[in-house]
Amino acid sequence: MFALLLTGPPGAGKTSVLTELHDGLGDAGIANALIELDELERCYPPLDTRRVLRHAAMLAGSYREAGHTLLLVTATVEDDAYGRAVSAALGADHHLTVRLDAEPETVRRRVLDREPETCSGRAELADAAFRLATTMRGLPGVDLVLSTEGTDPANVAARLEAALREHPAAPLIGFDQIAG
């Protein structure tokens with residue numbers, strides 16, 4: 001299995017970009033599965049990291065059993081230890097880690113624009129996005145950085161697909177079977 005791990009601060013566009021990629025690959029006949037780790041954490045009381053990673057491992061294993069060779073994953077990876085833990089949980093033979101980048105004020109604005117004013121923790125999430133937009137720039141283990149400034153999710157997804165096509169494991173995930 002090949003895992004594309006897409007990370008970035010809240011508001012960088014992880015969900016929008018990976019949804020575009022997932023849909024486009026499906027339209028091209030390339031089987032793929034999508035896991036959003038941030039969504040696996042969405043419960044109250046919150047799950048601890050170890051349990052979230054066990055859920056991710058279960059899902060990855062289930063998709064592997066079903067014959068999927070490409071796993072698309074979003075996660076807000078704040079440090080190297082968590083990034084390594086996510087990769088280990090997915091159990092992929094090959095992987096590509098991509099960080100989406102945007103200016104701190106851009107991600108803050110995007111979070112405030114998308115979250116309803118009544119959303120619990122909205123201001124804190126916007127502040128965290130602002131902070132992470134800077135600190136995540138030093139994140140180790142990232143293979144590719146793509147900016148989402150001044151572009152739309154479809155454009156970024158096309159750049160991600162191109163990176164997948166150029167990866168040495170591209171035949172494993174079906175890119176040798178379709179025209180470019």
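Being closer than 19 Å to ASP38 by Cα, in a helix (DSSP H, G or I) and either open to solvent by 60 Å² or more (accessible area, probe 1.4 Å) or among the basic types (Lys, Arg) (or both): is that true of ARG137 here?
no
Residues that are over 25 Å from PHE175 (Cβ atoms), of a type in the set (A, V, I, L, M), in contact (Cβ under 8 Å) with a residue 12 or more places away in the chain and open to solvent by 10 Å² or more (accessible area, probe 1.4 Å): does segment 29-50 have at least one?
Taking every residue of segment 29-50 in turn, at least one turns out to be over 25 Å from PHE175 (Cβ atoms), of a type in the set (A, V, I, L, M), in contact (Cβ under 8 Å) with a residue 12 or more places away in the chain and open to solvent by 10 Å² or more (accessible area, probe 1.4 Å).
Working only within segment 88-103, note down all residues that are crowded, with 16+ Cβ neighbours inside 10 Å, at pLDDT 95 or above and not hydrophobic (A, V, I, L, M, F, W, C).
THR97, ARG99, ASP101
Output the number of residues of segment 12-28 satisfying the condition of being open to solvent by 10 Å² or more (accessible area, probe 1.4 Å) and outside any helix (DSSP H, G or I).
Adding up the residues that qualify gives 2.
Considering segment 111-125 alone, what residues qualify as being without any contact (Cβ under 8 Å) to a residue 40 or more places away in the chain and either outside any loop (DSSP other than H, G, I, E, B) or of a type in the set (S, T, N, Q) (or both)?
If the condition is that a residue be without any contact (Cβ under 8 Å) to a residue 40 or more places away in the chain and either outside any loop (DSSP other than H, G, I, E, B) or of a type in the set (S, T, N, Q) (or both), then LEU112, ASP113, THR118, SER120, ARG122, ALA123, GLU124 are the ones that fit.
Give the residue, chosen from ALA66, ALA56, ALA75, ALA3, that is aliphatic (A, V, I, L, M) and surrounded by fewer than 21 Cβ atoms within 10 Å (Cβ to Cβ).
Only one candidate qualifies: ALA66.
The values are calculated or read from the model by the stated rules, or taken from the named source; none is laboratory data. Keep in mind it's a predicted model, so treat the numbers as computed, not measured. Neighbour counts run over all protein chains shown; Cβ positions are idealised from the backbone, glycine included. Surface accessibility is based on the protein's heavy atoms, side chains included, excluding ligands, DNA and RNA. Shrake-Rupley method; radii C 1.70, N 1.55, O 1.52, S 1.80 Å.
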